[in-house]
Amino acid sequence: MPTMPFPCTSLALSSAGFQAAVNALGVDPATVWAMLSVETLGRGYLPDRRPQILFERHIFHRLTGGRWDQSNPDISNPQAGGYGPSGAAQYPRLGSAIALNQEAALQSASWGLGQVMGENYGVAGFADAATMVAAMAASEDAQLAAVVGFITSKGLDKALQNQDWATYANGYNGSDYAKNNYDTRLAQAYATLKAGTNVPDLTVRTAQLYLLFLGYNPQGIDGQAGAHTLTALHTFQSANGLPLTPGIDADAVAALTAALPPAADLSLS
């Protein structure tokens, strides 16, 4: 199984990491949650603990001068698209590109909570793409910090402070943002969160993410301790000889954290 030496410790977003983003951007918490919920449905990792990615074949084409367009059109192509299934299915595509040109491949995928492109490693605060990917595999705090670095380097924090969603979406997602309704989805998410509806609780969210890693699907990483989340928690507790708890607290998170297996290197299969 091909791997890269980036241990997927996959730590959940912490209150310190979240507050650092709020402070750096000069926005309210609802703005940050709106960004994350629209970009990656609010989580930076797959159930197997690898960072969420999307491999962009047209970026690989540009970075490599089209050298592999004829032999590998699925991963090197002047036309955007051809993504195939999302999630884990993106990693074999990345692995095929890495076999041809590692640096260009890492730069041609978007990574983590905010789906920051690897080619933007510099503005996101990293020395090179490999350093950025290592951080993406380590924690959601690092993923969010990369998002903040990109936003502030592009001057998009002002748009966020003013809830100017169209300007933000254009700068963050490109001029075709309207095709995916990024601006209206951001506005809707912000309005809901600002009203105090479904604001994520970070303790609950951490438990949900670690339950997912352990094979107990809470059916969403939303920071809400609903019936599915509590069922997943109780199933985990029963399987591990732990008392069932009526809710999620620091002790529950500690038990889940202790149950996680050691971090594995980033698999490309």
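Residues of the stretch 1-45 with backbone nitrogen within less than 16 Å of a virtual label 7 Å along the Cα-to-Cβ line of ALA250, please, listed as ranges.
Output list for this probe position: 14-17.
Under a crude label model (7 Å from the Cα following the beta-carbon direction), how far is ASP265 from ASP74 in nanometres?
Taking the simple label geometry, ASP265 and ASP74 are separated by 2.4 nm.
Rank the residues VAL22, VAL133 as a footprinting-exposure proxy: fewest other Cβ atoms within 10 Å of their Cβ go first.
Details: VAL22 16, VAL133 24.
If I rank by nearby Cβ atoms, fewest first, I get VAL22, VAL133.
Counting helices only, and only those DSSP H runs with n ≥ 4, report the 222 nm mean residue ellipticity of the chain as the sum of -39,500 (n - 2.57) divided by its residues, in deg cm²/dmol to the nearest 500.
It comes out at -14500 deg cm²/dmol, rounded to the nearest 500.
So who's got an amide H within less than 5 Å of the one on LEU54, skipping anything under 5 residues away but keeping other chains? H placed 1.01 Å off N, in plane.
Counting only residues 5 or more places away or on other chains, the set is SER110.
How big is the stretch 202-262 on each of its three principal axes, counting only the C-alpha atoms and giving the largest first in Å?
Rounded to whole Å, the extents work out to 25, 24, 19 Å.
Suppose R0 equals 30 Å. What FRET efficiency, 1/(1 + (r/R0)^6) with r the Cβ-Cβ distance, do GLU103 and ASN217 give to the nearest 0.05?
Numbers: r = 36 Å, r/R0 = 1.20.
Rounded to the nearest 0.05, the efficiency is 0.25.
Report the FRET efficiency, 1/(1 + (r/R0)^6), for ALA166 and ALA195, where r is their Cβ-Cβ distance and R0 is 22 Å, rounded to 0.05.
On the way: r = 21 Å, r/R0 = 0.97.
Step by step, r from the Cβ atoms, then E = 0.55.
Report the FRET efficiency, 1/(1 + (r/R0)^6), for SER175 and ASN240, where r is their Cβ-Cβ distance and R0 is 35 Å, rounded to 0.05.
Details: r = 51 Å, r/R0 = 1.44.
Result of the calculation: an efficiency of 0.10.
For the stretch 37-172, what does the convex hull of the Cα positions come to per residue, in cubic angstrom?
Working: hull volume 14.7 nm³, N = 136.
That works out to 108 Å³ per residue.
Would you compute, for the Cα atoms of the chain, the largest minus smallest coordinate along each principal axis and list the three values in descending order, in whole Å?
Per principal axis, max minus min of the Cα coordinates gives 59, 47, 30 Å.
To the nearest Å, what is the center-to-center distance of the stretch 163-219 and the stretch 81-121, using C-alpha atoms only?
Each part reduced to its Cα centre gives a spacing of 22 Å.
Order these by the 10 Å Cβ neighbour count, fewest first: MET132, MET117. Could the numbers behind the result be given before it?
Numbers: MET132 28, MET117 19.
Ascending number of Cβ neighbours within 10 Å: MET117, MET132.
Antiparallel DSSP bridges in the chain: what percent, to the nearest 5? Walk me through the intermediate numbers first.
Numbers: 8 of 9 bridges.
The antiparallel proportion sits near 90 percent.
Along the charge dipole of the chain, which of GLN237, GLY171, PRO262 sits closest to the positive end, that is, farthest toward it, with unit charges on the beta carbon of Lys, Arg, Asp and Glu (+1, +1, -1, -1)?
GLY171
Relative contact order for the chain: what percent, with Cα pairs under 8 Å and sequence separation of 6 or more?
Numbers: 442 pairs, mean separation 69.7, N = 269.
Reported relative contact order: 26 percent.
Based only on other Cβ atoms within 10 Å, what is the fewest-to-most ordering of ARG93, ARG50? Write down the numbers at each step before the final one.
Values: ARG93 26, ARG50 21.
Final ranking by Cβ density, sparse to dense: ARG50, ARG93.
Values in this text are rule-based calculations from the coordinates and carry no lab data. Given the structure is predicted, the values throughout are model-derived calculations rather than measurements. Note that each Cβ is placed from the backbone with ideal geometry, even for glycine, and that neighbours are counted across all protein chains shown.
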